[in-house]
1. Whole percent per 10 Å bin, from 0 to the bin with the longest distance: what is P(r) over all C-alpha pairs of segment 185-270?
2. If the only charges are +1 at each Lys and Arg Cβ and -1 at each Asp and Glu Cβ, what is the size of the charge dipole of the chain around the Cα centre, to the nearest 20 debye?
3. Calculate how steeply helix 293-312 sits against the longest principal axis of the alpha-carbon atoms of the chain, using the helix alpha-carbon long axis, and give the answer as 0 to 90 degrees to the nearest 10.
4. For A102, which sequence-distant residues (separation of 5 or more, or a different chain) have an amide H within less than 5 Å of its own amide H, given hydrogens modelled in the peptide plane?
5. Which order do the peptides 26-33, 225-232 come out in when sorted by mean C-beta neighbours inside 10 angstrom, highest first?
6. Show me the ranking of peptides 117-124, 268-275 by mean Cβ neighbours inside 10 Å, starting with the highest.
7. Would you be so kind as to identify which of I254, A42, L137 lies farthest towards the positive end of the dipole of the chain, taking Lys and Arg as +1 and Asp and Glu as -1 on Cβ and the Cα centre as origin?
8. Determine which lysines satisfy two conditions relative to K55: a Cα distance under 19 Å, and not lying fewer than 8 residues away in the same chain.
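The numbers here are math on the coordinates, done by the rules we state, and not lab data. The structure displayed is predicted, hence computed values, not measured ones. Because the Cβ atoms are built from the backbone with ideal geometry, glycine has one as well, and the counts that use them run over all protein chains shown.
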Amino acid sequence: MNNILIRDIQMISLPKKAVFEVDLAGAIKSYAKKKFKPNDLALTDAGKQLNQLRKECFFTTYFRPQDQIDKLFIYHDQLVAFDEKIHFGDNFIKAGFKWENAFFSCNVTLNDGFYERSCVLYYIGAFCSKVAATQQLDTENGLKEALRLYKLAAECFLQIKNCLTFLNEMPKANDLHPKTMNVLLNLMLSQAQEVGFVKCVFDKMSNLNKSKIAAKCADYYGDTLIALNAPTVWFLKEKWSKLIKFKHLFYRAIAVYYKALDDWDEFRIGNALARLKQSRQDLKEIDSKFRTKTMEFFLKQSKEDLEKLKKENKNFHQHEITNVKNLELLERFDLAKSSSVQIKFPMSKDFVSLVDKIDTNQENNNILKF
């Protein structure tokens with residue numbers, strides 16, 4: 001079953017935002033000369049280093065994906081450090097950060113550090129989703145890395161969703177809208193949980209654990225479906241709703257199936273019969289709309305299990321089938337959030353701010369931090 005499940009899995013990779021070059025060195029030098037003498041030389045040098053760092057993030061080819069992620073972490077942290085000392089904005093450093101919408105062919109340019117950092121976080125999240133989708137899910141390392149990357153992507157989108165509100169009314173930036181972030185957040189959590197289920201099968205865990213993880217996976221995909229109903233994310237609904245609906249229904253059905261096997265193991269025969277019957281009905285309904293090799297496997301297996309248990313019950317147990325309404329609710333086990341990556345400042349290891357020792361002697365009470 002492992003190979004069938006792995007071959008059949010379809011993961012959604014997010015499109016990256018196209019990034020345009022910005023003369024950060026020139027913008028910071030111009031501002032430093034006007035406002036921060038005699039510290040302008042130190043600040044100008046910091047601007048040159050920040051400009052070079054940005055180029056290394058987006059315009060350099062990396063052999064190892066993690067090397068680029070680490071470089072993006074450093075750039076994000078330096079942006080935070082600059083915003084704490086000075087600020088990017090119309091009345092401060094006029095950088096003019098320009099990015100392309102991830103889902104439409106249009107650009108947005110803003111003199112705002114929040115915008116740049118949010119675009120960087122989106123870039124990291126989308127990049128992680130692409131790298132995660134390339135992992136070999138038939139290996140222990142591949143499963144662990146995919147789970148880590150999907151959780152990191154989810155944290156990036158959660159960070160944007162919680163902190164970026166000024167783009168709510170900007171149609172061209174709808175790829176960063178909180179409603180869009182809500183969809184992407186739930187999608188990444190769903191896919192992290194799905195990888196967790198594959199690992200559970202790979203590790204031959206108990207039927208009860210398989211049921212718990214599958215049930216939570218169904219919940220996450222259900223939350224993603226709800227998020228897709230927001231009017232502002234119609235463009236995502238058109239792309240993904242069919243696949244996400246299938247996954248929601250599929251994991252809900254096999255959560256019931258594995259719980260039935262657990263009931264059978266524990267000699268709760270009436271419960272097991274009720275759940276096997278329920279899961280088989282659900283699987284048949286799903287198969288009429290979404291046919292996959294995995295569906296064929298579970299349909300065949302659930303039929304064989306139900307017939308075998310009916311025969312066993314008739315010959316030995318003679319238990320009545322439990323009314324579905326009297327069955328206990330399925331338990332859940334959350335792998336996507338239980339040990340999720342928490343994005344805190346600094347994101348990078350051994351971070352050293354480029355502007356930490358520069359005394360600007362300027363108060364800025366309007367600085368907000370992620």
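1. Whole-percent P(r) values from 0 Å outward: 19, 43, 25, 11, 3.
2. Approximately 700 debye in magnitude.
3. 30
4. Hits under the 5 Å cutoff: D175.
5. Packing order, densest peptide first, comes out as 26-33, 225-232.
6. The most tightly packed comes first, giving 117-124, 268-275.
7. I254
8. Answer for K55, where 19 Å is the Cα cut-off: K16, K17, K29, K71, K94, K98, listed by chain and number.
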